[in-house]
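Read the structure below first, then the notes.
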């Protein structure tokens, strides 16, 4: 029998809502977060007007918010976020699917645009096997605020997942892929799967 891989988007699929802004608010506090929004506002406005890509606008916000943060402090903030904030945010339909795949012994992967600054702590708490996400640059255990990987969104989710599959499985033993998402940005990943769900319903392209 081929191995089964279950690939989950995170925000809106395993959670009820986006988690990046809540994490940044909790990490920075409201005064610093509002200043970061002000500094980033030209880029965010350009994105809202479709004059700039999601990648560039997000890169600017993360640069302003995370530059200078130590890995040690980030890990502490991520653990607090997982323990104090996320329990009330889990999405029932997505979590039910995750638990069922784990019960069946399938390998579960989170494929998300959220940053690894906190997503690795999330995955550890859920017992997820692998995280493919937007990674950030560390320089001597200090985050520079720059992205170490492209924003893991849309087609980039497929690129990251395919690279991981290539590195993990022999070419003649490709696993069966289940995929779960909640926005059009997940469609490329859903198309890659043999069986896909969009929100809480089976998805057919």
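Quick notes on this structure:
- Filtered residues of region 175-205 (kept if in contact (Cβ under 8 Å) with a residue 12 or more places away in the chain and farther than 13 Å from residue 6 by Cβ): 182, 183, 185, 186, 187, 188, 191, 198, 199, 200, 203, 205
- Matching residues, region 20-32, being surrounded by fewer than 18 Cβ atoms within 10 Å (Cβ to Cβ) and either within 21 Å of the chain's Cα centre (by Cα) or under 18 Å from residue 113 (Cβ atoms) (or both): 21, 22, 25, 26
- Hits in region 65-74 - residues which are over 19 Å from residue 149 (Cβ atoms) and either assigned to a helix (DSSP H, G or I) or free of Cβ contacts under 8 Å to residues at least 12 places away in the same chain (or both): 72, 73
- Here residue 13 passes the criteria (1) touching a residue at least 24 places away in the same chain (Cβ under 8 Å); (2) in contact with a helix residue (DSSP H, G or I) (Cβ under 6 Å, 6 or more places away or on another chain); (3) buried (at least 18 other Cβ atoms within 10 Å of the Cβ); (4) not in a loop (DSSP other than H, G, I, E, B) except the one numbered (4).
- Matching option when the condition is outside any helix (DSSP H, G or I) and crowded, with 17+ Cβ neighbours inside 10 Å, among 59, 78, 36, 7: 7
- The set of residues in region 118-127 being more than 8 Å from the chain's Cα centre (by Cα) and either touching a residue at least 60 places away in the same chain (Cβ under 8 Å) or more than 23 Å from residue 183 (Cα to Cα) (or both) consists of 118, 121, 122, 124, 125, 126, 127.
- Residue 1 meets all of the listed conditions (1) closer than 23 Å to residue 178 by Cβ; (2) at pLDDT below 95; (3) crowded, with 16+ Cβ neighbours inside 10 Å but one, namely (3).
- If the condition is being outside any loop (DSSP other than H, G, I, E, B) and surrounded by 13 or more Cβ atoms within 10 Å (Cβ to Cβ), then region 42-55 contributes 43, 44, 46, 47, 54, 55.
- Number of positions in region 169-193 that are surrounded by 12 or more Cβ atoms within 10 Å (Cβ to Cβ) and under 22 Å from residue 105 (Cα atoms): 13
- Within region 62-73, one or more residues are modelled with pLDDT of 95 or more and out of contact with any strand residue (DSSP E or B) (no Cβ under 8 Å at 6 or more places or on another chain).
The values are calculated or read from the model by the stated rules, or taken from the named source; none is laboratory data. Computed from a predicted model, the values in this text were never measured in an experiment. Every residue, glycine as well, gets a Cβ built from its backbone with ideal geometry; the counts of neighbours run over all protein chains shown.
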